[in-house]
Amino acid sequence: MKRTSVSLFAAFLAIALLSGMSAARAQDYYMDLHIGYNMVDSGDLEYDTGSISTGYEQRAAFGGSFGYVDPGGFRIESEMTFRSNDINYIDTFNAKGQLTSFSAMINMFYELQIGSGSGYAYSLGSESPFRPYIGVGAGGVRYTLDAAVDLAAADIIDDTTYGLAYQGILGLGVEVTESTLVTLDFRYIVSENVKFRDVAGAKFKVDSNQATAMFGLRSTF
């Protein structure tokens with residue numbers, strides 16, 4: 001009987017420990033979906049003979065991420081985001097076209113703890129629902145640029161290329177349930193010397209700097 005009691009106690013203890021570990025793990029990982037408004041801060045066409053000014057309209061961006069957070073508030077995630085901006089002029093000519101980008105980034109964050117208490121989504125020991133955060137990221141971007149000016153019968157640019165990028169992120173998360181946060185952040189992503197060719201074969205470079213305001217929904221599990 002004593003052996004049976006010990007066995008039952010050990011079994012219950014093991015179940016409790018496994019449940020606790022499972023609950024802890026459930027708060028370690030998260031998924032995020034975000035949508036926002038993107039602005040091309042710079043993107044002039046830089047030929048060997050000179051630079052051609054280019055104007056872009058503000059358009060939508062959307063994407064998602066998967067990440068891990070530790071109890072100290074540090075986060076690491078993989079992020080994929082699609083951005084698209086219409087072109088409205090090239091040099092002195094009205095133009096139609098798009099600059100689109102698909103980025104794959106690795107981001108690192110520090111999420112601040114406010115107050116002291118039980119916490120919610122991350123069990124960070126914070127009684128406040130607010131989670132301000134700051135982060136940096138780096139990765140690769142696939143760019144597609146196509147454009148036609150009013151005087152041309154067809155596209156003068158239609159090319160796809162790849163470039164490296166880095167970004168800075170500043171944002172605020174607000175816990176709405178024990179496992180869900182809504183987020184609002186600002187991202188500034190930079191790609192330098194992205195190489196393209198126009199339809200005539202001439203090479204040019206673009207320093208693509210884009211600013212994005214993002215609204216997101218993050219869920220831990």
### Message
Test of understanding: what is the full-extension gain from residue 215 to residue 158, defined as 0.36 nm times their sequence separation minus their Cα-Cα distance?
### Response
17.4 nm
### Task
Please give the contour-minus-distance gain from residue 98 to residue 49: 0.36 nm per residue of separation, less the Cα-Cα distance, rounded to one decimal in nm.
15.3 nm
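Sort 32-45, 190-203 by the packing proxy (mean of other Cβ within 10 Å over each peptide's residues), most packed first.
Working: 32-45: 17.5, 190-203: 14.3.
With the highest mean Cβ count within 10 Å placed first, the list reads 32-45, 190-203.
State the three equivalent ellipsoid semi-axes of the range 29-220, derived from the C-alpha gyration tensor as the square roots of 5 times its eigenvalues, in descending order and whole Å.
Numbers: eigenvalues 308, 41, 29 Å².
In descending order the semi-axes read 39, 14, 12 Å.
Rounded to the nearest angstrom and ordered from largest down, what semi-axes does the equivalent ellipsoid of the range 156-195 get from its C-alpha gyration tensor (root of 5λ)? Don't jump to the answer; show the numbers that get you there.
Details: eigenvalues 242, 29, 13 Å².
Ellipsoid semi-axes (Å, largest first): 35, 12, 8.
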#### Entry: For the range 42-92, with +1 on Lys and Arg beta carbons and -1 on Asp and Glu, the positive-most of 60, 84, 43 along the dipole
60
### Query
How much length is gained if the chain between residue 177 and residue 57 is pulled fully straight, taking 0.36 nm per residue apart and subtracting their Cα-Cα distance, in nm to one decimal?
39.5 nm
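Pop the C-beta distance of residue 112 and residue 29 into the FRET formula with R0 = 25 Å and round what comes out to the nearest 0.05. It would help to have the intermediate numbers written out before the result.
On the way: r = 20 Å, r/R0 = 0.80.
My answer for the efficiency is 0.80.
What order do you get for 77-90, 164-177 when each peptide is scored by the mean count of other beta carbon atoms within 10 Å, highest first? Working shown, then result.
Values: 77-90: 19.1, 164-177: 16.9.
Top to bottom by mean Cβ count within 10 Å: 77-90, 164-177.
Dipole of the range 29-220, Cα-centred, from +1 at each Lys and Arg C-beta and -1 at each Asp and Glu C-beta, to the nearest 20 debye? Before the final figure, lay out the partial values.
Numbers: 12 positive and 24 negative charges, 58 e Å.
Computed about the Cα centre, the dipole is about 280 debye.
Where a number appears in this text, it was derived from the coordinates with a stated rule and is not lab data. None of these values were measured; they are calculated from a predicted model. In this analysis, Cβ positions are derived from the backbone assuming ideal geometry, glycine residues included, and neighbour counts consider all displayed protein chains.
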